[in-house]
Amino acid sequence: MTKRLGRWMALLLLAGAPPLVAQAAAPEDVAGTAGEVIDVRVVNVEAVVTDEASQPVAGLGPADFRLLVDGREVAIDYFTEIAAGRAVPAAATGAESPVSPIEPAAAVGRSYLVFIDESFSVASLRDKVLQRLAADLALLGPEDRMAVLAFDGEHIEVLAAWTSDRIDLARALEVALRRPTRGNQLLAAERSRAADLDFAVEVVSELNTEQEIETMLREPMQRRANPEARSQLGRTAAAMAAAVRAFELPPGRKVMMLLSGGWSLRVAPQLFGPLIEAANRLGYTLYPVDVAQGDAQILRGFDVLARATGGRVAGSVKQSVLREVAADSGTYYWLGFSPTWKGDDRAHTLAVEVRRPGLTVRTRSSFTDVSKRTDTLLRAEGVLLFGGAAQEHRIQVTMGGMRPLGRRGKVMDADISFGIPVEALAFHPFEDGFAAEVPVALSALDEEGGRAEMPGLQLSVMVAEVPPPGSFARCNTTIRLRRAPQRLVFTVPDAIRGTVLWGEARITVEPEP
């Protein structure tokens, strides 16, 4: 069964939303703010090292590397060489050397997220890539898994969730082969625009032989894209970034194969910043795949973007893309370090250097110190786009009054009340009672697929005594929405079990007179 997602339009209007007010099962006042939480986790950095012939280099040790965060060298706490998807036994080292958390010769799993952009793919070229991909599923190792998503320009379809079952994956790819594409139409319009540009430049050149005038005409026109193609590419780039952020985060090395023809548009590199940021935040290595025979110069630009995540452009339709990506992502050096996380959403630059001359390193360029608030927003987006676990559907949501605003009534204020199970709250002593802090996220999806999310809200619950299990912390707020039928999703982290709880409400709006 597939799950449909939507177009990327603004829906929530964030002005004027008052703060949440919360109550436990026994009526208690709520006040205060959340305290800062310091977390310590490991940042994984996968570094591909090649020689002057672009061949992978084996046999390096931790002493051969420098790991820099924000320009300053930091200690490498963990180190493993991976060759063809397996851990290489480490040479004997001193007691203070980085440790390898992986058993020698153990298989190191990879998670391949295949994103098929049908809005810019040319069917014949896409089909060749998918057929080769299906034929190469045997390359998946014992610890590998794959998921397949398809984007038709408005909706994302989950053709296969994370699985190691090659039969299920082959079926998903067969379904993908039967789906229509729009690449021929959109790219034909863009090529027509380019042909018009060439004709205009030719006419001007015949009237005026000065090279400067031709250059002045060509350069600004080349930066313009067909409006329909430009608008669609914006939705495509947003969908790719949303898939990275919201799809279930798998274990192992995370690889995303992006099958698209959108790379053909000259404006494209300007639109993929959020995708690069999301990939680096969550540790995905990107491998763009051209399925529209794009311009070689533009593809080189995308190679630069992909390398910012540790990846690169993955060949062409004449090559086995999975074989190429598996070879590139299966041989690398795994470096780990343990920074002190402050949860402030700050991005930090990453760089890996090799002390030996003549070698090149490819790795991601940053990581983000994600706050609990942002993490909750990401989880809300995931529930909204891909659904949530039924056993975690435990947030009670009740809609109150809805008041149209303005003369045209296009916007409304909506009163919302929801309840959080108290057993999901981590109460701690505070003054004369107990308190718990809860980040709350809210996302919305309208009937046409328009999606938006509010900034994270921090809820503080204060009670005289810890309420018994089965009680709820009751929360009330008013939010400003576009006046349209829509679905609202709330998510909060379960502080005790580490899962994410969610609830939803549907708003119906009577047609305007």
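What follows draws every value from the coordinates through simple rules; no lab data is involved. Because the structure is a prediction, the values reported are computed rather than measured. Positions of Cβ are generated from backbone atoms using ideal geometry, with glycine treated the same way; all protein chains shown enter the neighbour counts.
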**Study point:** Cleavage-rule hits (GluC sites (Glu not before Pro)) in region 73-134: DSSP loop, at most 12 neighbouring Cβ within 10 angstrom
**Key:** 96
Exercise for review: Subtract the Cα-Cα distance of residue 72 and residue 465 from 0.36 nm times their separation in residues, and report this length gain in nm to one decimal.
Suggested key: 136.7 nm
Point to revise | Those trypsin sites (Lys or Arg not before Pro) in region 401-448 that DSSP places in a loop and that have at most 12 other beta carbons within 10 Å | key: 407, 408
Check your understanding: Under a plain spin-label model, where a point goes 7 Å from the Cα along Cα-to-Cβ, how far apart in nm are residue 106 and residue 348?
Key -> 2.5 nm
Check your understanding: When Lys and Arg each count +1 and Asp and Glu each count -1, what net charge do the other residues less than 9 Å away from residue 282, Cβ to Cβ, add up to?
Key -> +3
Point to revise | Local net charge near residue 67, Cβ-Cβ under 13 Å (Lys/Arg +1, Asp/Glu -1) | key: -2
